[in-house]
Structures are given as C-alpha cells and as structure tokens.
1. Is it true that some residue in the stretch 55-72 is more than 30 Å from Gly12 (Cβ to Cβ) and in a loop (DSSP other than H, G, I, E, B)?
2. Of a type in the set (Asp, Glu) and closer than 30 Å to Ala25 by Cα: does that describe Asp94?
3. Looking at (1) open to solvent by 80 Å² or more (accessible area, probe 1.4 Å); (2) touching a residue at least 24 places away in the same chain (Cβ under 8 Å), which one does Ile85 not meet, given that it meets all the others?
4. Have a look at Gly133, Gly113 and point out the one that is within 29 Å of the chain's Cα centre (by Cα) and modelled with pLDDT of 90 or more.
5. Conditions first: (1) within 21 Å of the chain's Cα centre (by Cα); (2) modelled with pLDDT under 90; (3) open to solvent by less than 50 Å² (accessible area, probe 1.4 Å). Ser75 passes all but one, so which condition is the exception?
6. Take the stretch 126-149 and flag every residue that is open to solvent by 100 Å² or more (accessible area, probe 1.4 Å), of a type outside the set (Asp, Glu) and part of a helix (DSSP H, G or I).
7. As an exercise: evaluate Val109 against (1) open to solvent by 60 Å² or more (accessible area, probe 1.4 Å); (2) in a helix (DSSP H, G or I); (3) over 29 Å from Asp131 (Cβ atoms); (4) among the β-branched types (Val, Ile, Thr) and give the number of the one condition it does not meet.
8. Could you check the stretch 24-44 and list, in sequence order, the residues that are farther than 14 Å from Glu61 by Cβ, in contact (Cβ under 8 Å) with a residue 24 or more places away in the chain and assigned to a helix (DSSP H, G or I)?
Amino acid sequence: MVLSTLLAFVLGRSVARSLTRVSAAAQALTRGETDVRAPVSGPREVRSLARTFNPITDRVEATRHVQRDFVATVSHEMKTPLTSIQGFSQALLDGTAAEPGRFKRAATVIHAGAGRMRRLVDDLLLLARFDAGHIEMQLRDVELHSLLRQFVAGMTP
C-alpha cells in the first residue's frame, strides 16, 4: 500500500510537472509570445500534447508575420495615391496648377488616385468577407489577351 501510494505520488507529480510546462507555454502564447515551445517530455500522452501544441505556435507565428507584412504592404500601397492626391490638390489650392492644362492634369491625377484608393478599400473588404467565410472561390476561364491589355494600360504612365 505504501509502495503504491509512493509510486502514485511520483507518477502524479511527473505528469503534473509536464502538464504545467505545456500549460505555461499555452499561457505565454495567449500573451502573444509566439516564440515559446512546449517541452516534449513526461508521459506519452503529455509528449503527444506538446507535439501537437508546438506546430500550432509555429502557425500562429507565421500568421502574425504574414499579417505584419500585409499591413506594411497595404500601408505603402495606400500612401502612394494619398501623396499624389495631397500634392496635386495643394497645387490646385495654391494656384500652381491654375492654367487649364495643369488644372486638368492635377484633377486627373487626383481622380486616378482616389480611384486607386477605392479599389484598395474594395479589395480589403472583399478579403475580409472571404476570410470570414462569406465568399467561396470559383474557378473560371479568363481571356488572357484582355487581361494583359488591361494590365499594360494600367501600368502605362
């Protein structure tokens, strides 16, 4: 009886210690610490739990990295048309673009920049709807010649 109690105590303590380490790793992950890993030690079930947990932290870390890159890219893409809009609207306000040709050019750049901003916002909304599961992807044929023509037209100064 004493031996059984002692063995149960040692085994229980080993399991509890291993589970505490996995729990600490999970708590660190909830605090945003994505570099934490659960030690793969202890009884078979706890090792299995740690092996399952660690790839989850890898995915969370990768997702956060992609999210940071995405935010930086979107910020850059939005900053470019905003800079054009701001600069050309300032030219209209201070009279630098007062003559008809310059006025039309400034208005055209402002209009194009606003259109680009609108498309970016629409794309972000579409991405949010897709991410929320409200949109399903469907494959369809694309006329490559028309697509390339639109691309070239959009990239031509």
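1. no
2. On the way: of a type in the set (Asp, Glu): yes; closer than 30 Å to Ala25 by Cα: no.
For Asp94, the condition - of a type in the set (Asp, Glu) and closer than 30 Å to Ala25 by Cα - is not met.
3. Answer for Ile85: the failing condition is (1).
4. Answer to the check: Gly113.
5. (3)
6. Hits for the stretch 126-149 are Arg129, Leu144, His145, Arg149.
7. Unmet for Val109, out of (1) open to solvent by 60 Å² or more (accessible area, probe 1.4 Å); (2) in a helix (DSSP H, G or I); (3) over 29 Å from Asp131 (Cβ atoms); (4) among the β-branched types (Val, Ile, Thr): (1).
8. The one that is farther than 14 Å from Glu61 by Cβ, in contact (Cβ under 8 Å) with a residue 24 or more places away in the chain and assigned to a helix (DSSP H, G or I): Ala26.
The values are calculated or read from the model by the stated rules, or taken from the named source; none is laboratory data. None of the values given here were measured: they were computed from a predicted structure. Every residue, glycine among them, receives a Cβ derived from its backbone with ideal geometry; neighbour counts consider all protein chains shown. For accessibility, only protein heavy atoms count, side chains too; no ligands or nucleic acids. Shrake-Rupley method; radii C 1.70, N 1.55, O 1.52, S 1.80 Å.
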